[in-house]
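Trainee: Dropping the structure in here first, questions after.
The values are calculated or read from the model by the stated rules, or taken from the named source; none is laboratory data. These figures come from a predicted structure and were not determined experimentally. Every residue, glycine as well, gets a Cβ built from its backbone with ideal geometry; the counts of neighbours run over all protein chains shown. Only protein heavy atoms, including side chains, enter the accessible area calculation; ligands, DNA and RNA are left aside. Shrake-Rupley method; radii C 1.70, N 1.55, O 1.52, S 1.80 Å.
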Amino acid sequence: QVLGISQAIAVAGGLGFSLFLMKDGTVLACGSNDRGQLGVGDTITRSTVVSVLGISNAIAIAASLYHSVFLLNDGTVWAVGSNQYGQLGDGTTVNKNIAFQIPGLTEITAIAAGYYHSLFLKSDRACRKLVGCRF
């Protein structure tokens, strides 16, 4: 059992790090943090779980090589970590070590994180769209 983890409802694994979605909507993380992918405000590796700053009411998590993505219950998406190829979706290639809301994403129902990209399933009255932010 991972120390400090109880009532986790989902787990996601990146390259050398783990994310745990807790029943209360918070997210815990541990492991490699060299690109800020744990979302704790620095790039220090953690051998015990820490809370991802600013994330509450999460309903889904995704992790990839060096970035993390979080879907909140209001349909917004937040991201943190490596942004070398624009995978965080903010129009830059600047890494982030604090999770931020990805601009322009609302009514999202599912997320996925790939090697250097992120995917978002958008639900609206007309159709369902798959929106990627790979540059």
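Trainee: In region 2-35, what residues are at negative phi and modelled with pLDDT under 95? Walk me through it before giving the result.
Mentor: Taking region 2-35 first, the residues at negative phi are 2-3, 5-6, 8-15, 17-24, 26-30, 32-35.
The answer is V2, L3, I5, S6.
Trainee: What are the residues in region 1-35 that are of a type in the set (S, T, Y) and surrounded by 15 or more Cβ atoms within 10 Å (Cβ to Cβ), if any?
Mentor: So the first thing to find is which residues in region 1-35 are of a type in the set (S, T, Y), and the list is 6, 18, 26, 32.
Those that are of a type in the set (S, T, Y) and surrounded by 15 or more Cβ atoms within 10 Å (Cβ to Cβ): S18, S32.
Trainee: Looking at (1) assigned to a loop (DSSP other than H, G, I, E, B); (2) at pLDDT 95 or above; (3) of a type outside the set (F, W, Y), can you tell me which one R125 breaks?
Mentor: In the conditions (1) assigned to a loop (DSSP other than H, G, I, E, B); (2) at pLDDT 95 or above; (3) of a type outside the set (F, W, Y), R125 misses (2) alone.
Trainee: If a residue has to be of a type outside the set (S, T, N, Q) and either buried (at least 23 other Cβ atoms within 10 Å of the Cβ) or at pLDDT below 95 (or both) to count, how many in region 64-75 make the cut? Explain how you work it out, then say what you get.
Mentor: Step one: list which residues in region 64-75 are of a type outside the set (S, T, N, Q), which gives 65-67, 69-72, 74-75.
Keeping just the survivors that are either buried (at least 23 other Cβ atoms within 10 Å of the Cβ) or at pLDDT below 95 (or both) gives 66-67, 69-71.
So the answer is 5.
Trainee: To continue, here is another question. Based on what the data block shows, is I44 under 11 Å from the mean Cα position of the chain (by Cα) and open to solvent by 10 Å² or more (accessible area, probe 1.4 Å)? Lay out the reasoning, then the answer.
Mentor: Details: under 11 Å from the mean Cα position of the chain (by Cα): no; open to solvent by 10 Å² or more (accessible area, probe 1.4 Å): yes.
No: the conditions fail for I44.
Trainee: Assuming S47 fulfils every condition listed in (1) out of contact with any strand residue (DSSP E or B) (no Cβ under 6 Å at 6 or more places or on another chain); (2) assigned to a loop (DSSP other than H, G, I, E, B) apart from one, which condition is it?
Mentor: Result: S47 fails condition (2) only.
Trainee: Which is within 26 Å of Q1 (Cβ to Cβ), assigned to a loop (DSSP other than H, G, I, E, B), out of contact with any Asp or Glu (no Cβ under 8 Å at 6 or more places or on another chain) and open to solvent by 40 Å² or more (accessible area, probe 1.4 Å), of L38, L53?
Mentor: Working: L38 fails: open to solvent by 40 Å² or more (accessible area, probe 1.4 Å).
Among L38, L53, only L53 is within 26 Å of Q1 (Cβ to Cβ), assigned to a loop (DSSP other than H, G, I, E, B), out of contact with any Asp or Glu (no Cβ under 8 Å at 6 or more places or on another chain) and open to solvent by 40 Å² or more (accessible area, probe 1.4 Å).
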